[in-house]
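After the structure tokens below, expect a handful of questions from me.
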Amino acid sequence: MTLPAKTPNLTSADEKRSVGEGLFNKCQGCAAVLTATDLERNWHVCPGCGFHHPMEHGRWRELLLDDGLLSPWEEHVQPSDPLQFIDQKSYPERLQKAQSAANATESVEVGRGKIFGRDVAYGSYVFAFMAGTMGSVAGERIVRLFERATLQRLPVILLHASGGARMQEGILSLMQMAKTVAALGRYRACRQPYISILMHPTTGGVAASTALLGDVNIAEPNALIGFAGPRVIENTLRTKLPEGFQRSDFLISHGMIDSIVARAELKSTLNTLLNHLSREPK
């Protein structure tokens, strides 16, 4: 005789959690409870306090590019395992898991898109892919973004959100700092603008390379931007850091960035900057 399958014993708290799971989000700024739909519709910005929550790279394309369309470049440049690195898992296992979780092939995507009808070279770090860490393929894609933009005389928009260099690639990861900055230096010859957008967080080797070298550096509100994190600095220097250290407001007050722009205003701000700074291709 076949017995009927047992229904798991759920407490009332478990039932409430399962019913509401995925439907509501708590704002990280003011702790207000928001529906997931409303938060998504508002580009993941709290309508009450204006706190900017993380947003996945596909939504960034929808926010900034006309019709959300990007013609991808360099997708064939795929990560490998140059050092045969293994910790608790092998590096290929971690890459496979990251690709599945982030729905991306690497921590950087690049391509050609339009902003209010103007062609731009567009790049974005994908934070969901191993915390947006920069490995050799991420660096190579950024180099090729600048090289294609140079040949096609396009302005470059590059969005940064990263935990820094990728430890599984060792020195090969660290050398991408110099490599990407050198490509940016060559790009300057075409006299088109490079606009850097700094999201939360922008740290480590990414902050120390292309992130703060834009012709215009724009940060999101309350974004953490810096090389070493506050806790590392405090433990190293054995001192208490100022309130808001390394946040957007702190950086703009010290002249390290040019502007803080809310997400809803970012595309129109880019359009204004491109109208002022871009040169028409000959």
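The values are calculated or read from the model by the stated rules, or taken from the named source; none is laboratory data. Remember, predicted model here, so these are calculated numbers, not experimental data. With ideal geometry, Cβ positions are generated from the backbone for all residues, glycine too; neighbour counts draw on all protein chains shown.
For the condition modelled with pLDDT of 95 or more, touching a Gly at 6+ places or on another chain (Cβ under 7 Å) and either farther than 25 Å from His276 by Cβ or among the hydroxyl-bearing types (Ser, Thr, Tyr) (or both), what is the one hit in Ala131, Ala178?
Result: Ala131 is the single residue among Ala131, Ala178 that is modelled with pLDDT of 95 or more, touching a Gly at 6+ places or on another chain (Cβ under 7 Å) and either farther than 25 Å from His276 by Cβ or among the hydroxyl-bearing types (Ser, Thr, Tyr) (or both).
Filter the stretch 103-155 down to the residues that are assigned to a helix (DSSP H, G or I), among the small types (Gly, Ala, Ser) and either within 18 Å of Glu75 (Cβ to Cβ) or not assigned by TED's automatic domain parsing to the domain that holds Val181 (or both) and list them by number.
Gly132, Ser136, Ala138, Gly139, Ala149, listed by residue number.
Another question, if that's okay. Could you figure out which of (1) within 18 Å of Leu198 (Cα to Cα); (2) among the small types (Gly, Ala, Ser); (3) surrounded by fewer than 19 Cβ atoms within 10 Å (Cβ to Cβ) isn't true of Gly123?
With respect to (1) within 18 Å of Leu198 (Cα to Cα); (2) among the small types (Gly, Ala, Ser); (3) surrounded by fewer than 19 Cβ atoms within 10 Å (Cβ to Cβ), Gly123 is out only on (3).
Could you identify the single residue in Ser278, Ser248, Ser259 that is in contact with a strand residue (DSSP E or B) (Cβ under 8 Å, 6 or more places away or on another chain) and crowded, with 22+ Cβ neighbours inside 10 Å?
Step by step, each of Ser278, Ser248, Ser259 is checked, and only Ser248 is in contact with a strand residue (DSSP E or B) (Cβ under 8 Å, 6 or more places away or on another chain) and crowded, with 22+ Cβ neighbours inside 10 Å.
Moving to a separate point now. Which is within 17 Å of the chain's Cα centre (by Cα) and without any contact (Cβ under 8 Å) to a residue 40 or more places away in the chain, of Thr105, Thr133?
Thr105
Working carefully through the options Leu224, Leu237, Leu241, find the one that is closer than 27 Å to Gly185 by Cα and hydrophobic (A, V, I, L, M, F, W, C).
Result of the check over Leu224, Leu237, Leu241: Leu224.
Continuing with this model, one more query. How many residues, within the stretch 115-126, are over 19 Å from Arg191 (Cα atoms) and without any contact (Cβ under 8 Å) to a residue 60 or more places away in the chain?
1
Here's something else I'd like to know. Being in a helix (DSSP H, G or I), hydroxyl-bearing (Ser, Thr, Tyr), farther than 20 Å from Leu213 by Cβ and out of contact with any Lys or Arg (no Cβ under 6 Å at 6 or more places or on another chain) narrows it down to one residue among Ser80, Ser100; which is it?
Ser100
Can you find a residue that is out of contact with any strand residue (DSSP E or B) (no Cβ under 8 Å at 6 or more places or on another chain) and in a loop (DSSP other than H, G, I, E, B) anywhere in the stretch 156-168?
No, because not a single residue in the stretch 156-168 is out of contact with any strand residue (DSSP E or B) (no Cβ under 8 Å at 6 or more places or on another chain) and in a loop (DSSP other than H, G, I, E, B).
Of the residues in the stretch 185-223, how many are surrounded by fewer than 21 Cβ atoms within 10 Å (Cβ to Cβ) and either assigned to a helix (DSSP H, G or I) or of a type in the set (A, V, I, L, M, F, W, C) (or both)?
Selection size over the stretch 185-223: 9.
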